[in-house]
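The values are calculated or read from the model by the stated rules, or taken from the named source; none is laboratory data. On a predicted model such as this, the values are computed, not experimentally measured, just so you know. Please note: Cβ atoms are built from the backbone with ideal geometry, for glycine as well, and neighbour counts cover all protein chains shown. The area values use the complete protein model at the heavy-atom level, side chains included, leaving out ligands, DNA and RNA. Shrake-Rupley method; radii C 1.70, N 1.55, O 1.52, S 1.80 Å.
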Amino acid sequence: MICLQITEKEIKDFFVSQTEEWPEFGERIKDLDRIQVRRLFSDHQEIDIQFNPARISSTTAAIDKNSLSQRPCFLCSANQPVQQQHIDLCHKYFLAVNPYPILRYHFTISAQNHTPQAIRDHIDDLCQMVWQLPSMTLFYNGAHCGASAPDHMHFQMGEKGQIPLQYNWYLISKSLSPLITLGDEGIYLSEDYIVPFIAIKASSPETAGHMLEHLFEVLPCSNNTEPNINILSWKEDNHIVICVIPRKKHRPNCYNATDNSRCLISPGCLDMGGLVITPLSSDFHRLSAHDAISILQEVGISRDEAADISNRLISHFRELL
């Protein structure tokens, strides 16, 4: 468990100082202020399409073992630009600006040691960060779920109010189905969002961490070291909200298509949260809400698979009684 010992103002001041001291990064922030976004609707679903050409390297990142072994890890401080500064978080993580931002105040929080992307040993830290940084949204891309650095453990963070799943939470939360509840805390299933996901609501970081640990016990895990998931988390009033989005695919079929159906979208956590990133202008202008939703549903799990997870979670808790 960590205590950040830093204020949100100090974190945001650090971000501003990096825009002033690192010219290339400062220009990318100016570009972000001018970035194009299309807000689309299909039935009661909202999708934001962001045209962000600077994200082309992340979208096309090769994450096979051979490619990873042949490139220096860009999250290791020794391989980063000299202008990129860090804030030491409890001698365990480095907080740094994301050099290719998608969000306002977009940060990367990376392990100080080069260790694989796997959240199981970092659950308590995630929950503590969310609790101590109430104006921010933290998110995690699994190693096969949008992470462009699956060989180095890291979270990302941005200011709240920019991701549809988060800023529409008041409405989305009304349709959650309770699975395990105790008072105003619990674990819930969302079947009405673009893709099914599991939501945790807890009144303390410790309880949130325990719930997430129990969920990990029942999530399917194939040949990978952890379940294929994306995680979005933030503080809502006096509770922590953790949205766990299970995945069945890394990339949609259109990513590798060789005909007119090709669309260069490699969904990560923000995409699954309704903010779809398109590095190509052609994709940005032609995507419809139906197209974007179909892409996300292709990589997310089905409602039947979500029901199976829910049933296993309920059985798991019954066995604990």
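Figures for the structure shown
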{"item": "Enumeration of residues in region 178-191 that are in contact (Cβ under 8 Å) with a residue 60 or more places away in the chain and surrounded by fewer than 16 Cβ atoms within 10 Å (Cβ to Cβ)", "result": "191"}
{"item": "Residue in region 44-58 that is open to solvent by less than 70 Å² (accessible area, probe 1.4 Å), part of a loop (DSSP other than H, G, I, E, B) and either of a type in the set (Val, Ile, Thr) or in contact (Cβ under 8 Å) with a residue 60 or more places away in the chain (or both) present", "result": "yes"}
{"item": "Check on residue 289, more than 16 Å from the chain's Cα centre (by Cα), open to solvent by less than 60 Å² (accessible area, probe 1.4 Å) and in contact (Cβ under 8 Å) with a residue 40 or more places away in the chain", "result": "yes"}
{"item": "Candidate set: region 292-301, residues that are assigned to a helix (DSSP H, G or I), open to solvent by 10 Å² or more (accessible area, probe 1.4 Å) and touching a Pro at 6+ places or on another chain (Cβ under 7 Å); chosen: the one nearest to residue 36 (Cα to Cα)", "result": "295"}
{"item": "Count of region 118-134 residues which are in contact with a Ser or Thr (Cβ under 9 Å, 6 or more places away or on another chain), over 18 Å from residue 14 (Cβ atoms) and open to solvent by less than 20 Å² (accessible area, probe 1.4 Å)", "result": "3"}
{"item": "Test: residue in region 109-132 that is touching a Leu at 6+ places or on another chain (Cβ under 6 Å) and more than 23 Å from residue 207 (Cα to Cα)", "result": "yes"}
{"item": "Criterion violated by residue 113 - all others in (1) in a loop (DSSP other than H, G, I, E, B); (2) open to solvent by less than 60 Å² (accessible area, probe 1.4 Å); (3) modelled with pLDDT of 95 or more satisfied", "result": "(2)"}
{"item": "Residue in region 302-318 that is of a type outside the set (Ser, Thr, Tyr) and outside any helix (DSSP H, G or I) present", "result": "no"}
{"item": "Test: residue in region 248-264 that is in a helix (DSSP H, G or I), in contact (Cβ under 8 Å) with a residue 12 or more places away in the chain and open to solvent by less than 30 Å² (accessible area, probe 1.4 Å)", "result": "yes"}
{"item": "Failed condition for residue 34, given (1) buried (at least 16 other Cβ atoms within 10 Å of the Cβ); (2) free of Cβ contacts under 8 Å to residues at least 12 places away in the same chain", "result": "(1)"}
{"item": "Test set (1) open to solvent by 10 Å² or more (accessible area, probe 1.4 Å); (2) touching a Lys or Arg at 6+ places or on another chain (Cβ under 9 Å) - residue 230 fails condition number", "result": "(1)"}
{"item": "Any hit, region 97-107, residues being over 16 Å from residue 232 (Cα atoms), over 17 Å from the mean Cα position of the chain (by Cα) and buried (at least 20 other Cβ atoms within 10 Å of the Cβ)", "result": "no"}
{"item": "Residues that are touching a Phe, Trp or Tyr at 6+ places or on another chain (Cβ under 7 Å) and more than 21 Å from residue 150 (Cα to Cα), drawn from region 111-135", "result": "130"}
{"item": "Residue match in region 195-203 (condition: open to solvent by less than 40 Å² (accessible area, probe 1.4 Å), in contact (Cβ under 8 Å) with a residue 12 or more places away in the chain and touching a Phe, Trp or Tyr at 6+ places or on another chain (Cβ under 6 Å))", "result": "yes"}
{"item": "Filtered residues of region 1-34 (kept if farther than 21 Å from residue 102 by Cβ and not charged (D, E, K, R))", "result": "1, 2, 3, 4, 5, 6, 7"}
{"item": "Residue identified as open to solvent by 70 Å² or more (accessible area, probe 1.4 Å), outside any helix (DSSP H, G or I) and of a type in the set (Lys, Arg) among 71, 39", "result": "39"}
{"item": "Scope region 204-227; condition assigned to a helix (DSSP H, G or I) and surrounded by fewer than 20 Cβ atoms within 10 Å (Cβ to Cβ); matching residues", "result": "206, 207, 210, 213, 214, 216, 217, 218"}
